[in-house]
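Remarks on the structure that follows.
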Amino acid sequence: MENVGVDPAAIQELITSEDVGDRLRGINQLRSLDPQDAFRLIQPLSQDENSRVRYAAVSQIASLGHTNLNQAHDLLRDRLLHDSETDVRAAAADAMAALQVPFALEDLETAYHSTNDWLLQFSIIAALGALGNPAAVGLLTEALKSPQELVKLAAIGSLGELKQPESIEYLRPFVAYPDWQVRHRLAIALGQIGTPEVRPLLEQLATDSAAAVAEAARASLAHLAP
């Protein structure tokens, strides 16, 4: 049910205005409407000529798309693969993950391989953990070889979120990785996987020269089954 005091006609006027600021305000006010109505109204804005408007619309589809998951996926897929702006494409990847679209993995993998923009690759790899599809392990282990540190970091984090034991062998070499932030994320990820096979790796990390790494490893060890 629409909130008291909300004027759908006024919102409609804002989102169809020629003024970019009006359209952005209208997108924000769509949150006050029934999700089905808001989703219907926001769809054309995902194709807006202004990239800020497209970004705002795509970002909000993450919370509205559950009203029609198939249609939301089609909209997000189009922006992920075809938008001219990296931040809009990244927002589409995030929205797919937020909606837990089970058939999004192929699109995310296509987008990852079709770009050299490491920021977009980072967003895709980070989204795969939230997506929750165990089939993403293959792409994530590939991303561990990225020359970009942040992409590696995101891949380790997403592998932890997916909790698949087969990831352990791919993560093992990072116990001795030079960047302590990578080792720190590894300690958390191994704890998330939580199988007995991670114990010796965590025990090694628990003696790490970086205090934050050692502390994270000890915390992960404390939550392992005896």
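The values are calculated or read from the model by the stated rules, or taken from the named source; none is laboratory data. Keep in mind it's a predicted model, so treat the numbers as computed, not measured. Don't worry about glycine lacking a Cβ; one is built from the backbone with ideal geometry, like all the others, and counts go over all protein chains shown.
Take the residues of segment 1-39 that are among the basic types (Lys, Arg) and at pLDDT 95 or above: which is surrounded by the most Cβ atoms within 10 Å (Cβ to Cβ)? Ranking the qualifying residues of segment 1-39, first place goes to 23. Against the numbered list (1) closer than 22 Å to residue 30 by Cα; (2) surrounded by fewer than 22 Cβ atoms within 10 Å (Cβ to Cβ), residue 91 comes up short only at (2). All of 205, 140 fail the test of being over 25 Å from residue 102 (Cα atoms) and buried (at least 22 other Cβ atoms within 10 Å of the Cβ), apart from 205. Within segment 100-150, the set of residues being part of a helix (DSSP H, G or I) and on the phi > 0 side of the Ramachandran plot is empty.
Just checking, how many residues over segment 39-66 are aliphatic (A, V, I, L, M) and more than 23 Å from the chain's Cα centre (by Cα)? Before you say what the answer is, go through the steps one by one.
Kept after step one, since they are aliphatic (A, V, I, L, M), are these residues of segment 39-66: 41-42, 45, 53, 56-58, 61-62, 64.
Narrowing further to those that are more than 23 Å from the chain's Cα centre (by Cα): 41.
The number of residues fulfilling the criteria is 1.
For segment 155-199, enumerate the residues that are assigned to a helix (DSSP H, G or I) and small (Gly, Ala, Ser). Hits for segment 155-199 are 155, 157, 158, 160, 167, 176, 187, 189, 191.
With a cut-off of at least 3 residues that are among the small types (Gly, Ala, Ser), name the helices (runs of 4 or more DSSP H) lying wholly within segment 8-92.
Details: elements: 8-15, 20-29, 35-42, 51-64, 69-82.
Helices (runs of 4 or more DSSP H) meeting the threshold: 51-64.
The conditions of being out of contact with any Ser or Thr (no Cβ under 9 Å at 6 or more places or on another chain) and under 16 Å from residue 124 (Cβ atoms) are not met by residue 92.
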